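This report refers to the structure that appears directly beneath it.
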Amino acid sequence: MTRRRFYAPPGAFNANFDSVTLESDEARHLRDVLRLKAGDEVYVFNGEGKEFHCLVEESRRDNAHLKIIGEVHPARPESRLQLTLAVALLKGEKFDLVVQKATELGVTRLVPVVTKLADIRLRDASDAAKRVARWQRIALEAAKQSGRAVVPEISGPVSFESLIQDTTANGELNCLMFSERDGESIVAAREKLPANLSLLTALVGSEGGWTNEELAAVRQAGWTIVTLGGRTLRAETAAIAVVVLLQHIAGDLV
């Protein structure tokens with residue numbers, strides 16, 4: 001039987017890990033949508049890789065108290081590849097789709113990037129915060145649906161320059177930029193990466209593509225530029241395709 005899964009942040013579990021409280025939307029879903037009651041079995045994950053078998057003890061409108069029977073293996077294991085997907089900002093529904101599918105496919109972290117030819121521009125810090133909150137909700141729902149016990153981190157939007165500088169400062173060596181031009185094949189790029197690849201950053205551009213200056217900057221930083229075949233893909237299609245390819249090469253899609 002499919003697990004009835006709910007999310008609760010680490011702070012919702014008591015110190016002894018024998019009870020957990022669901023709040024707001026999760027509690028209402030349990031009570032009003034699934035119509036679960038005292039004694040029903042459910043599963044709760046904490047977004048950091050742990051999942052628990054529980055019994056409903058009490059269900060109210062805005063919270064539900066559950067008894068923890070014990071820790072269990074998540075419904076789906078995590079990929080052995082810790083993949084950071086950096087994507088140039090796209091218009092609302094397109095970026096939403098990338099967040100959803102990248103989460104289902106096992107991405108560890110997702111970074112929105114402000115590039116010179118990006119489809120949209122952020123108005124201010126409040127606009128950025130609202131978008132990130134929306135993407136976090138989408139990632140949570142996608143993790144719940146796909147059986148993951150880890151919810152990917154959605155970072156705040158960063159500039160293209162900051163992304164390159166941060167990876168360099170952190171000593172990240174396995175970095176790929178995907179471009180419609182001036183790149184090599186994924187097969188050739190794989191030969192440059194370690195055989196036991198477990199940590200990788202992939203950058204996918206906007207539908208406007210990359211400027212010559214951006215391409216030069218990643219080369220100077222030691223990134224490898226990769227081109228996906230002869231067809232021009234929409235940015236959201238390219239982002240999803242990149243995750244599938246990398247999970248097949250080094251992750252759990254084998």
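The values are calculated or read from the model by the stated rules, or taken from the named source; none is laboratory data. Predicted model only: the values in this text are computed from it and were never measured. Because the Cβ atoms are built from the backbone with ideal geometry, glycine has one as well, and the counts that use them run over all protein chains shown. To get the accessible areas, we keep the full protein, side chains included, count just its heavy atoms, and leave off ligands, DNA and RNA. Shrake-Rupley method; radii C 1.70, N 1.55, O 1.52, S 1.80 Å.
Below are the figures for this structure:
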quantity: Residue count for the stretch 54-67, restricted to those that are open to solvent by 30 Å² or more (accessible area, probe 1.4 Å) and in a strand (DSSP E or B); calculated: 7
quantity: Hits in the stretch 96-131 (condition: part of a helix (DSSP H, G or I), open to solvent by 20 Å² or more (accessible area, probe 1.4 Å) and under 22 Å from L200 (Cα atoms)); calculated: L97, Q100, K101, E104
quantity: Any hit, the stretch 147-157, residues being open to solvent by less than 30 Å² (accessible area, probe 1.4 Å), charged (D, E, K, R) and within 22 Å of the chain's Cα centre (by Cα); calculated: yes
quantity: Condition broken by S155, with the remaining ones in (1) modelled with pLDDT of 95 or more; (2) over 17 Å from L90 (Cβ atoms); (3) touching a Lys or Arg at 6+ places or on another chain (Cβ under 8 Å) satisfied; calculated: (2)
quantity: Complete set of residues in the stretch 72-95 that are surrounded by fewer than 18 Cβ atoms within 10 Å (Cβ to Cβ) and of a type in the set (G, A, S); calculated: A75, G92
quantity: Hey, F13 buried (at least 17 other Cβ atoms within 10 Å of the Cβ) and more than 21 Å from H248 (Cα to Cα) or not; calculated: yes
quantity: Selection within the stretch 132-158 - assigned to a strand (DSSP E or B) and not acidic (D, E); calculated: V150, I154, V158
quantity: Cβ-Cβ under 7 Å pairs, at least 6 apart or on other chains, the stretch 209-233 side farther than 20 Å from A188 by Cα, far side open to solvent by 40 Å² or more (accessible area, probe 1.4 Å); calculated: G209/L117; G209/E180; T211/K116; T211/L117; E214/K116
quantity: Residue that is surrounded by the fewest Cβ atoms within 10 Å (Cβ to Cβ) [pool: residues in the stretch 21-53 that are acidic (D, E) and in a strand (DSSP E or B)]; calculated: E48
quantity: Single condition L199 does not satisfy, out of (1) of a type in the set (A, V, I, L, M, F, W, C); (2) touching a helix residue (DSSP H, G or I) at 6+ places or on another chain (Cβ under 7 Å); (3) farther than 17 Å from L89 by Cα; calculated: (2)
